[in-house]
Amino acid sequence: MTEPLSTVVVGCGAIGRTHVDAALRHPRLRLSGLVNRTAAPAEALAADVAAREESCPTAYTTLDEALESRPDLVVIATPSGLHVQQALAALRAGSHVLIEKPLDVDLARARSLADAVASTPGQVCSVVSQHRFDPAAGVVSDAITAERFGRVTSAVASVPWWRPQSYYDAAHWRGTWALDGGGALMNQGVHTLDLLLWFLGRPVRVSAETALLAHDGIEVEDIAVATIRFASGALAVLHATTAAYPGIGVRIHVMGSAGSAVIEDDRLEYFHTGADERSGARGVQLSTPARVPGVGGTRGAQKVDVLGHLRQYDDLIAAIDEHRRPLATVDEALLVLAAVRAVYTSAQLGHPVLIDDVLRG
């Protein structure tokens, strides 16, 4: 095992703390710095780390100060509208980068990052897509690749969560277009949309409706519903909301001409292929892979378990060691962002839109 990677986490809010916990638990990461625009959260988190560990990360109020220490890895866990700006600064400083979802709120900025990553092949840049590393998602992806479902024909994905008004009131940037970039889809549903694209391939056309029905004082939607056509011809229905009290589990159905699967709350609930039928088996309920601790059964709760992030860190570090692309690339995150923007554009215009038109815009 090589030396641990010195790691700076930018943003000391809830998701930043998740990355801090992951860094402290991963043997290849050494938490060296914390960055927050106001000093108190970074200093408090640094003190909390020092109480648990033998060393204390340095607290900074600007990313530029932290980059002077030349960290190996910079983790961006700030409001979405700041992601690309900070990731570009870290790449210019020579660091590897991990960006929390979504990639950004602006497609032009996101394209600039994709170009920068392409021009710095010695540095690894990935976007958090931790559910790709769930065992259940891996089983379904492998089955699709092996054509065990035949031709994948359709999918239905629902993220029926609840966020109280206090969630939006707790931070001035939440629920704004400039820094949040959207609502229930951009922030809560984006991981499920990422899985849809991972399973079904490149989206080509989107038709959508959005609404704001259960919250006040925000600019963005708390309900989004869309139909998506993929290059393969497959169709998907996507539903994301933060207005489904008290919050229900995320569910993804993937259906094909020779098999189907259902994932609920990161657990593979159903899996059936033509081979099962020929053997006399009916669709089977699967108890493994097991429900992820702290996620399964939370009914849309806000708690984020660190296990999925640890799996993604494993892949990120392997990509650095092996000089390869990570499983979750910036190019793929750019396409997910384009799909989100297509949903919003379609809802605003009242007609279907093409993904390529959104990407060019």
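The values are calculated or read from the model by the stated rules, or taken from the named source; none is laboratory data. Predicted model, so just to flag it, every value in this text is computed and none were measured. Every residue, glycine among them, receives a Cβ derived from its backbone with ideal geometry; neighbour counts consider all protein chains shown. Accessible surface is based on the protein model in full, side chains and every heavy atom, while ligands, DNA and RNA are left aside. Shrake-Rupley method; radii C 1.70, N 1.55, O 1.52, S 1.80 Å.
Taking the solvent-accessible surface of protein heavy atoms with a 1.4 Å probe, what is the per residue accessible area of region 139-275 in Å²?
On a per-residue basis, 39 Å².
To the nearest 10 degrees, how steep is helix 190-200 against the longest Cα principal axis of the chain, on a 0 to 90 scale?
Long axis of 190-200 versus the principal axis of the chain: about 50 degrees.
Can you tell me the length gained on complete extension of the stretch GLN348 to ASP321, counting 0.36 nm per residue apart and subtracting the Cα distance?
Full-extension gain reported as 5.2 nm.
Scan around THR58 for amide H atoms under 5 Å from its own, H built in the peptide plane at 1.01 Å from N, and keep only partners 5 or more places away or cross-chain.
Counting only residues 5 or more places away or on other chains, the set is GLY33, LEU34.
Kirkwood hydrodynamic radius, region 5-57, all distinct C-alpha pairs: what's the number in Å?
Computed over region 5-57, the radius equals 10.8 Å.
On the accessible surface of the chain, probed at 1.4 Å, how many percent belong to carbon and sulfur atoms?
Carbon plus sulfur share of accessible area: 52 percent.
Take each of the peptides 177-186, 255-264, average the number of other beta-carbon atoms within 10 Å over its residues, and list them starting from the highest.
177-186, 255-264
Counting helices only, and only those DSSP H runs with n ≥ 4, report the 222 nm mean residue ellipticity of the chain as the sum of -39,500 (n - 2.57) divided by its residues, in deg cm²/dmol to the nearest 500.
The helix contribution divided over the chain gives -10500 deg cm²/dmol.
Pop out the ³J(HN,Hα) list for region 85-97 in order, Karplus 6.51 cos²θ - 1.76 cosθ + 1.60 with θ = phi - 60°, rounded to Hz; leave Gly and Pro as x.
Taking θ as phi minus 60°, the curve returns 3, 6, 5, 4, 4, 5, 5, 4, 7, x, 8, 6, 9 Hz for region 85-97.
For the ranges 11-17, 60-66, what's the packing order if you count other beta-carbon atoms within 10 Å of each residue, average per peptide, and put the highest first?
By packing density, highest mean first, the sequence is 11-17, 60-66.
Which order do the peptides 327-333, 47-53 take when ranked by the mean count of other beta-carbon atoms within 10 Å per residue, highest first?
327-333, 47-53
Would you kindly compute the Cα radius of gyration of region 87-176 and its largest Cα-Cα separation (Dmax), both in Å?
18.1, 48
For the chain, just the Cα set please: Rg and Dmax, both in angstrom.
When restricted to Cα atoms, the chain yields Rg and Dmax of 20.2, 64 Å.
If the only charges are +1 at each Lys and Arg Cβ and -1 at each Asp and Glu Cβ, what is the size of the charge dipole of the chain around the Cα centre, to the nearest 20 debye?
660
Once phi is turned into θ = phi - 60°, what whole-Hz ³J(HN,Hα) does the Karplus curve with 6.51, -1.76 and 1.60 give for every residue of region 66-80, x standing for Gly and Pro?
For region 66-80, the Karplus curve yields 5, 5, 5, 7, 6, x, 6, 9, 10, 10, 9, 10, 10, x, 4 Hz.
Could you tell me the relative contact order of region 165-265? Use alpha-carbon pairs under 8 Å, at least six residues apart, and round to a whole percent.
So the answer I get is 23 percent.
How large is ³J(HN,Hα), in whole Hz, for each residue of region 255-264 in order, when computed from phi with the Karplus curve 6.51 cos²θ - 1.76 cosθ + 1.60 and θ = phi - 60°, using x for Gly and Pro?
Karplus-based 3J(HN,Hα) across region 255-264 equals 10, x, 6, 9, x, 8, 8, 10, 10, 10 Hz.
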